[in-house]
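Participant: Before I ask anything, here is the structure I am working with.
The values are calculated or read from the model by the stated rules, or taken from the named source; none is laboratory data. Just so we're clear, the structure is a prediction, and the values are computed from it rather than from any experiment. With ideal geometry, Cβ positions are generated from the backbone for all residues, glycine too; neighbour counts draw on all protein chains shown. Heavy atoms of the whole protein, side chains included, go into the accessibility calculation; ligands, DNA and RNA do not. Shrake-Rupley method; radii C 1.70, N 1.55, O 1.52, S 1.80 Å.
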Amino acid sequence: MSTAILYITNNGLTLAKRLKGLYPDAKILKFKSEAVSEFWNEYRNLIFIMASGIVVRTIAPLIKDKKTDPAVVVIDEVGKFAISLLSGHLGGANKIAEAIADFLGGEAVVTTASDVNNMPPIDLWARENNFVIDDWDILPQVGTRLINSGALRVYTEVEIKIPDEFLKVAEPRFGDVLITNRKDVYLSRPTCNYAAGEQCSTSACRVKSQLYLRPRNLVVGIGCNSGTSEKEIEDAVKKTLEENNLSFSSIHSIATIDIKANEHGLAAFAKRHNFEINAFTPDELNTVQRVEKSEAAFKATGAIGVAEPAAIISSGNDKLLVQKQKIGNVTVAIAEKRSAVSGQQSEKKGKVYIIGTGPGSIEHITPYARNAIRKSDVIVGYDTYLDLIRELINDKEIVSTGMTQEIDRCKKAVELAIEGKTVSVISSGDPGIYAMAGLVFEIIRAIERQSGSAEYPNKNFLPDELSHCSAAALSVEVIPGISALNACAARLGAPLMHDFAVISLSDKLTPWELIEKRITSAAMSDFVTVLYNPKSMGRPEHINKARAIFFKYRSAETPVGIVKGAMREDESVIITNLRDMLNYDIDMQTTVIIGNSQTFTWNNRMITPRGYEKKWSNGVMEQWGLKG
């Protein structure tokens with residue numbers, strides 16, 4: 001499970017419930033010291049609302065390894081301080097403490113040296129770039145060098161963008177950090193030229209205690225006989241790597257033929273080490289050129305080979321690092337993933353979340369939407385709606401505009417995403433209902449079409465520095481929210497239990513003549529009808545005209561719900577009828593729901609029957625001793 005919040009006092013419980021706004025899936029638990037050990041490995045994040053001394057004494061016997069210990073954060077009962085106590089980097093306690101401090105308006109207490117000195121933490125940087133740390137005991141020494149000198153020398157055999165504090169060096173002997181898939185980077189160079197005409201041992205003239213970071217860029221192609229054990233497969237792979245000076249930690253994935261993907265020994269080996277298995281059909285393997293044909297493999301599988309062509313296809317590289325080696329019942333070949341050694345660091349791909357925040361209050365936002373907001377670099381939205389979720393976005397870059405600047409907002413969001421940022425576009429209600437989702441997609445399509453077609457000749461849609469970029473690569477995800485029609489219907493009772501229509505009375509983007517046709521069709525068809533944007537200062541007569549149309553087809557007693565600010569502090573809920581509806585205040589923040597011919601009111605609720613009365617008439621009510 002993800003997060004547990006532990007408290008002792010009632011004040012602590014109050015604060016824990018408040019934190020549910022930040023971590024909606026968190027489990028709130030009454031603190032018992034003897035129980036902490038039971039879920040030490042069950043939760044990734046432990047948040048204690050109590051004195052730090054209590055926490056230290058409780059968790060001290062449980063601490064084992066920074067790679068596996070959960071993140072531990074301690075908060076005082078008034079939320080003034082959020083202390084990152086354990087697993088600050090890899091566990092994420094530093095970020096959790098900062099997020100809690102932002103959410104509560106308190107202060108994060110972070111003591112890790114790299115953060116205090118504004119230096120990149122090596123372990124976190126390694127994990128973000130999918131590097132495996134070979135020797136964790138060396139990490140503190142190298143980290144101290146970074147803090148003391150303000151720089152770290154890095155020798156790398158893969159192209160990677162490094163922080164400004166990391167300095168690339170051309171020779172491994174000069175590096176504090178060595179990024180390589182070779183087990184011993186010096187094995188092929190036992191001596192080095194220290195000065196002209198002189199040679200010395202690399203073991204004598206290199207930086208001491210060098211930290212190896214292993215890029216996971218090796219694809220191991222494997223063929224095996226049926227029934228080959230997990231141990232025999234693992235031994236063959238390790239032997240091949242050892243003989244070719246390659247690190248087991250650099251294995252990215254396994255490649256094989258489709259009929260071997262579920263071979264028990266191979267599957268168990270991959271599962272034990274969390275390796276993905278990529279399997280290919282004989283036809284796919286046979287497309288690979290310049291590999292030695294195996295008559296035995298071809299006879300058994302119809303493929304010219306397994307280990308070599310599978311490694312080549314899976315790696316995207318047309319060359320092998322290690323040609324096939326037959327070891328007992330196992331054949332092994334190794335290739336290096338092309339993306340890791342191509343010399344081109346892939347650009348960070350931006351993402352756009354189009355998020356519906358529902359009625360506005362934090363408790364009505366889905367947990368998935370909150371997580372997306374937390375993962376975002378930039379939040380874009382109408383300033384009034386952003387104010388409703390201020391607690392979630394205090395630590396974010398914010399782009400806000402006024403009510404009528406939707407195009408500017410969405411265009412800016414797409415520009416930021418093309419730059420590589422993760423952006424959340426905020427809509428109240430649901431983003432796909434009279435909101436931002438469609439506009440974002442329209443803008444992305446327009447950007448794609450501006451590349452020279454006669455239909456879209458405008459070259460100035462994007463800034464010059466982004467005019468060469470492609471919006472097609474953007475990842476866009478629409479995250480639903482509780483729409484106004486859902487929220488208002490819930491406050492009114494159950495008015496939308498049967499077919500309904502939703503119509504906006506705003507004619508800014510749609511001609512009024514077309515709106516009138518839609519209102520008439522809905523009224524004639526006996527739809528329950530939801531009216532958005534019913535009245536504004538500039539068009540006060542539209543709601544009158546809509547009511548007049550419904551009067552032609554509905555009774556004056558037809559129930560009408562008028563809801564303003566549903567589920568917000570200034571909420572107003574009125575149930576009236578078609579005759580009297582204009583006696584109440586209606587504006588742009590109001591949603592009006594007009595019932596159909598069957599809608600009725602009961603106990604100050606507005607209800608549209610679905611048709612269940614037919615079941616009542618079939619004797620159900622009589623069985624219960626009730627009358628219709």
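Participant: Pop a pseudo-label 7 angstrom from the Cα along the beta-carbon direction at both ASP235 and SER2 and give the gap in nm to one decimal.
Facilitator: Computed distance between label sites ASP235 and SER2 equals 4.5 nm.
Participant: Separate question: Please go through the stretch 57-149 and write out the chymotrypsin sites (Phe, Trp or Tyr not before Pro) that DSSP classes as loop and that have at most 12 other C-beta atoms within 10 Å.
Facilitator: Filter output for the stretch 57-149: TRP136.
Participant: Rg(Cα) of the stretch 1-75 divided by 2.2 N^0.38 Å?
Facilitator: Normalised Cα radius of gyration, the stretch 1-75: 1.02.
Participant: Taking the stretch 69-182, how much of its Cα-Cα pair set, in percent, is spaced more than 22 angstrom apart?
Facilitator: 39
Participant: What whole-number value in cubic angstrom gives the convex hull volume per residue for the C-alpha atoms of the stretch 524-591?
Facilitator: Taking the convex hull of the Cα positions in the stretch 524-591, it is 85 Å³ per residue.
Participant: Quick one: how many Å² of VAL573 are accessible to a 1.4 Å probe, rounded to 10?
Facilitator: Result for VAL573: roughly 60 Å² accessible.
Participant: Once the dipole of the chain is set up with Lys and Arg at +1 and Asp and Glu at -1 on Cβ about the Cα centre, which of GLY316, ALA126, SER536 lies farthest towards its positive end?
Facilitator: Of the listed residues, the answer is SER536.
Participant: Still on this model: Determine the gain in length on full extension of the stretch VAL573-THR281; use 0.36 nm per residue of separation and subtract their C-alpha separation, reporting nm with one decimal.
Facilitator: Here the segment from VAL573 to THR281 would lengthen by 98.8 nm.
Participant: Semi-axes of the equivalent ellipsoid of the chain: what are they in whole Å, largest first, if each equals the square root of 5 times a C-alpha gyration tensor eigenvalue?
Facilitator: 58, 32, 28
Participant: Something else: Of PHE81, ALA261, SER555, which is farthest towards the positive pole of the chain's charge dipole, taken about the Cα centre with +1 and -1 on the beta-carbons of Lys, Arg and Asp, Glu respectively?
Facilitator: SER555
Participant: Another question about this same structure. Considering only DSSP states other than H, G, I, E and B, which trypsin sites (Lys or Arg not before Pro) in the stretch 125-174 qualify as loop sites with at most 15 other Cβ atoms within 10 Å?
Facilitator: LYS161
Participant: At 37 °C and 0.692 mPa s, grab the translational diffusion coefficient of the stretch 134-180 from Stokes-Einstein with a Kirkwood Rh over Cα pairs, rounded to a whole number in µm² per second.
Facilitator: Calculated translational D: 298 µm²/s.
Participant: Which GluC sites (Glu not before Pro) does the stretch 3-59 hold that lie in a coil by DSSP with at most 12 other beta carbons within 10 Å?
Facilitator: Sparse-neighbourhood loop GluC sites (Glu not before Pro): GLU38, GLU42.
Participant: So for the chain: antiparallel DSSP bridges make up what percent, rounded to the nearest 5?
Facilitator: Percent antiparallel among DSSP bridges in the chain is about 40.
Participant: Same structure, new question: Compute the separation of the alpha-carbon centres of the stretch 100-134 and the stretch 402-427 and state it in Å as a whole number.
Facilitator: That distance is 28 Å.
Participant: Leaving ligands, DNA and RNA out of it, rank HIS264, HIS364 by accessible area with a 1.4 Å probe, largest first.
Facilitator: HIS264, HIS364
Participant: Another one. Normalise the Cα radius of gyration of the stretch 245-372 by 2.2 N^0.38 Å (N = residues in it) and let me know the number.
Facilitator: 1.49
Participant: While we're looking at this one, here's another question. For Cα pairs less than 8 Å apart in space and 6+ apart in sequence, what is the mean separation divided by the residue count of the chain, i.e. the relative contact order in percent?
Facilitator: 7
Participant: Let me ask another. Suppose every Lys and Arg Cβ carries +1 and every Asp and Glu Cβ carries -1, with no other charges. What dipole size does the chain come out with about its Cα centre, to the nearest 20 debye?
Facilitator: Dipole size: approximately 760 debye.
Participant: Further, regarding this structure: How many angstrom separate the Cα center of the stretch 548-620 from the Cα center of the stretch 160-184?
Facilitator: If we compute the Cα centre of each part, the gap is 70 Å.
Participant: Around TYR7, what is the net charge, scoring Lys/Arg as +1 and Asp/Glu as -1 over all other residues with Cβ under 15 Å from its Cβ?
Facilitator: +4
Participant: Moving to a separate point now. Quick one: in the stretch 475-539, what % of C-alpha pairs are over 18 Å apart?
Facilitator: I get 49 percent for the Cα pairs in the stretch 475-539 exceeding 18 Å.
Participant: Going down the table (LYS66/LYS168; LYS351/LYS564; LYS319/LYS375; LYS67/LYS326; LYS66/LYS396), which pairs top 30 Å between alpha carbons?
Facilitator: Flagged as over cut-off: LYS351/LYS564; LYS319/LYS375; LYS67/LYS326.
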